[in-house]
Amino acid sequence: MKRRNFIATTTAAAVGTNILGGVRLKAFNPDHLMNIQADDDRILIVIQMFGGNDGLNTIIPVDASEYYDFRPNIAVKKSSAVNVLSQIYMHPALDTPKYPSAYNLRRMMEDGRLAIVQGVGYENPNLSHFRSTDIWLSGFNTSDPEARLVNGWLGRFWSEKIQGFPQSLPAHPTAVQIGGSLSMLLRSPKGDVGIALTDPNKFFELGQGLSPDLDPMPEDTRYGREFNFVRLVAEQSDLYSSVVKQAYDAGRNMISYPDNAFVRQMQLVARLISGGLKSKVFLVYMNGFDTHVQQQNSDESGLHPYLLESLSAGVGAFMQDALQQGFADRVVGMTVSEFGRRPFENGSNGTDHGASSVQFVWGNKVRAGVYGTTPDLVNLNSNGDLRYQWDFRRVYADVMEYWFGGTPEETETVLQERVLPLGVLQRPTSVDDAFSGRFRVGIKAFPNPFSTSTTLEWMQESPASVTIDLYSTAGRFVETIYAGSVQPGLVRIPIVPSASGAYICNVSVNGINNPVSLQCLR
């Protein structure tokens, strides 16, 4: 298509709801494009597992007799489950039996590159695929069916982080989604922060040559505004198509990836990163987790095991490639799925929509281990589903604050609620931290449990700004207990909660979180 013809014949009304060359069209102002990427080169990969992954058949509660009572046909036998580090049992598919030499989630767990978060969910779970997906992607924990969820937590975060957005756009797309139309996750009230592509070569062909050779028009008329809108879309499409193509051509994969649709998505992401694409977020997608029928066969094969093996092989292959190419320290990844499955199998060798589930967080900069306890199969909720342990947004807070350098205030703005980071990611440190006392301190509470009050105690080596907040055990803010400064020496601060219950008491010392579990028996 000729550039002049494109400008002359296309109007905002005609294309405003479509995607051009993988770039969703938005009414950005026609300021020049700028390279305004964040200073660091950290990357997040989000793996969306659509359909509701069955957490009980992912991480197996082999010592819970109820598990085998509830699932006489589809439970994973203890003798088949893969025991990792003597503390957790994985579905054997996560050990990728079809690819015995592959790096996978089991080996990543042993190498300290995998965190398993059990009991992830939210209050008043919604069991609709689409509504619950919207809740997970938006980052808004709401049971109000009238609340409209139209943009995502990463979209809101980056639309504020990118200086001048959307009048000024980054030289590289902030986020890249592999396949499909752009997810709500990457939308913001200011506009979309990413692009969707499947084939970099096709993406390049669609966008190539669209940079206009006509100057912007005055915006004092509707025609001028629409003209400038289409002109900017063309310029953006041309720019991003070229940048993606250049990264794809320059990139490489240094290992052999298994031939699998999801694995190929991870292979493409690795190649784009290798080729120098400066995107901050990559979104990849797995379908098929709505396993109502024939979830698993008697020999522990079937649809769900196939999906788990694909996930493990894809993440493992990407990690091995990243390690060999030297960019492993720059990348962390996380899985999301809209809900788990019911504890009970149904009459079709499957499971129906449930509540809480399991989440994987992986990478060199993960605090590896198991977060949360084995799901309680006795104390189910009023619907007979698993109770959640962690608010799903706690890992989001980790990403924003510990990975991308956001502040607690920015996290609260994005999520519209104060949520305590889970601590599953390593917080970056610098030489300056040694001089400002920005390290964790050993905080103890005496007595604990307690009936009326307890006292927090720690040794402070330098002057510090301290804030003490109480959160629910799921990680949602309850109240602030103390905000002020402390001097070097032994610090003692009394804590008197306003109500009885179990809490996470977070002591922020010079911006570093120090969570302590408290039990008030008043």
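The values are calculated or read from the model by the stated rules, or taken from the named source; none is laboratory data. Small disclaimer: the values here were computed from a predicted structure and weren't measured. Heads up, the Cβs are rebuilt from the backbone with ideal geometry, glycines too, and the neighbour counts pull from every protein chain shown.
Set side by side, the residues R387, R367, R393 differ, and just one is touching a strand residue (DSSP E or B) at 6+ places or on another chain (Cβ under 6 Å) and in contact (Cβ under 8 Å) with a residue 24 or more places away in the chain, which is R393. Out of G372, G347, G326, G340, one residue alone is farther than 30 Å from K278 by Cα, small (G, A, S), assigned by TED's automatic domain parsing to the domain that holds W136 and more than 21 Å from the chain's Cα centre (by Cα). It is G347. Restricting attention to the stretch 151-170, the residues that are in contact with a helix residue (DSSP H, G or I) (Cβ under 7 Å, 6 or more places away or on another chain) and over 15 Å from M400 (Cβ atoms) total 3. Within the stretch 424-431, can one find any residue that is surrounded by fewer than 18 Cβ atoms within 10 Å (Cβ to Cβ), at pLDDT below 95 and of a type in the set (A, V, I, L, M)? Yes, because at least one residue in the stretch 424-431 is surrounded by fewer than 18 Cβ atoms within 10 Å (Cβ to Cβ), at pLDDT below 95 and of a type in the set (A, V, I, L, M).
Using the structure shown, decide if P494 is modelled with pLDDT of 95 or more, assigned to a strand (DSSP E or B), on the phi < 0 side of the Ramachandran plot and not assigned by TED's automatic domain parsing to the domain that holds G372. Considered against the rule, which asks whether it is modelled with pLDDT of 95 or more, assigned to a strand (DSSP E or B), on the phi < 0 side of the Ramachandran plot and not assigned by TED's automatic domain parsing to the domain that holds G372, P494 comes out as yes.
Quick check on S348: is it small (G, A, S), more than 30 Å from N126 (Cβ to Cβ) and not in a helix (DSSP H, G or I)? Taking the combined requirement at face value, the residue does not satisfy it. Could you count how many residues in the stretch 344-359 are more than 18 Å from L422 (Cβ to Cβ) and surrounded by fewer than 24 Cβ atoms within 10 Å (Cβ to Cβ)? Residues meeting the conditions: 9. The single condition from (1) in contact (Cβ under 8 Å) with a residue 40 or more places away in the chain; (2) surrounded by fewer than 18 Cβ atoms within 10 Å (Cβ to Cβ); (3) part of a loop (DSSP other than H, G, I, E, B) that S382 fails is (1).
For the stretch 317-336, the candidate set comprises residues that are out of contact with any strand residue (DSSP E or B) (no Cβ under 9 Å at 6 or more places or on another chain) and surrounded by 24 or more Cβ atoms within 10 Å (Cβ to Cβ); within that set, the residue that is nearest to T58 (Cα to Cα) is A317.
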